[in-house]
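Working notes, structure below.
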Amino acid sequence: MRFAAGGDTLGTMQGEMEAAEIPARRLARLGTAVRAMLRLAADVALPQLCAACREPVDGPGLCPACWRKLSFIGPPYCERLGIPFPFDDGPGLLSMEAIADPPAYERARAAVRYDDVAKKLVHGLKYGDRLDLAPIMARWMANAGGKLLAEADALVPVPLHWRRQWARRFNQSALLGEIIAKACGKPVVHGALKRVKATPQQVGLDKSGRAQNVQGAFRVPPEGKAEVAGRRLVLVDDVLTSGATVDACTRALLRGGAAAVDVLVFARVVAAVRAPI
Ligand SMILES: [Zn+2]
């Protein structure tokens, strides 16, 4: 390449630079394709790793030892909150928490208890290195929420604030919601709820701190009203801790005209197993 000033030579120089740029771009594209192929080859060649302990496993998900440590939640449980009871005393029983401090939503169901193994699954999905876990987590959720889903008109994932979604590139609740919706044949309405306040993470806050943190954080936007009005909705999230987030979402959906809201999460915190009252 010649570098010289002057009208004619400048035109030649630009032409040469453009010509030099084409192979460079091609090379970059080729590099991306090669990297993708290498990644694919590595995926095929390397065994899958257990999401919790990183031991090689045959299929996606967990090794048998970690699988045994997961606590699936099934009946008997509080009809309202879905908190497991230690013994079956008949259907329709409520926990003390549900009576003392009833939530805005009608019923909540969770696939598993939020313990160490569940936490690793949630983190693997949330921070994006284990998107392969979404189908298996969604399947467990669809099982746990079978009755809620059968009665629902549509699913609504708990939204992230746009800035957090931009940083994380995807919303784990929306991904789970999409897979569950396909399995149960109900639609997902993504625009039904907006996170209008960028709230700090709930970690480290107590119950009232969490409720205050998410107060006024969600709203049904004008364009979402038609999707919500008069419908029975299932709100989908990955984890239920104090319930403050799903409660704030439910209040917003009910204000937006929803007929009723149920909640389906992958994992929920269970402080202690108490007898029904
Ligand atoms: Zn394992």
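The values are calculated or read from the model by the stated rules, or taken from the named source; none is laboratory data. What you see is a predicted model; the values in this text were computed from it and never measured. As a convention, Cβ positions derive from the backbone with ideal geometry for all residues, glycine included, and neighbour counts pool all protein chains shown. We work out accessible area using only protein heavy atoms, side chains counted, and drop any ligands, DNA or RNA first. Shrake-Rupley method; radii C 1.70, N 1.55, O 1.52, S 1.80 Å.
Given the range 150-277, what whole percent of its Cα pairs are spread farther than 22 Å?
Working: 2776 of 8128 pairs.
More than 22 Å apart: 34 percent of the Cα pairs in the range 150-277.
Inter-label distance, Tyr127 to Lys147: 3.7 nm, where each label sits 7 Å from its Cα along the C-beta direction.
When the trypsin sites (Lys or Arg not before Pro) in the range 123-192 are filtered for DSSP coil states and for at most 13 other beta-carbon atoms within 10 Å of their beta-carbon, the remaining sites are Arg169.
Take the alpha carbon gyration tensor of the range 114-197, find the square roots of its eigenvalues, order them as a ≥ b ≥ c, and report rounded if a/c is under 1.5; if not, report prolate when a/b exceeds b/c, else oblate. Present the calculation step by step, with values, prior to reporting the outcome.
Working: a/c = 2.02, a/b = 1.11, b/c = 1.81.
Cα axes put the range 114-197 in the oblate bin.
Placing pseudo-labels 7 Å out from each Cα toward the beta carbon at Ser208 and Ala183 gives an inter-label distance of 3.9 nm.
Taking only protein heavy atoms and a 1.4 Å probe, the accessible area of the range 226-273 is 49% carbon and sulfur. So the label point goes 7 Å from the Cα of Arg232 along Cα→C-beta, right? Which residues of the range 123-155 then have their backbone N under 20 Å from it? From the range 123-155, the list is 141-155.
Annotation: lysines with alpha-carbon distance below 21 angstrom to Lys119 (same-chain offsets under eight excluded): Lys69, Lys207.
Do the alpha carbons of any pairs in Lys147/Lys186; Lys147/Lys197; Lys126/Lys147; Lys126/Lys194; Lys186/Lys225 sit beyond 24 Å of each other, and which pairs?
From Lys147/Lys186; Lys147/Lys197; Lys126/Lys147; Lys126/Lys194; Lys186/Lys225, over 24 Å: Lys147/Lys197; Lys126/Lys147.
If R0 is 25 Å, the Cβ-Cβ spacing of Lys197 and Val269 corresponds to a FRET efficiency of close to 0.60. The 1.4 Å probe gives accessible areas that order Arg54, Arg210, largest first, as Arg54, Arg210.
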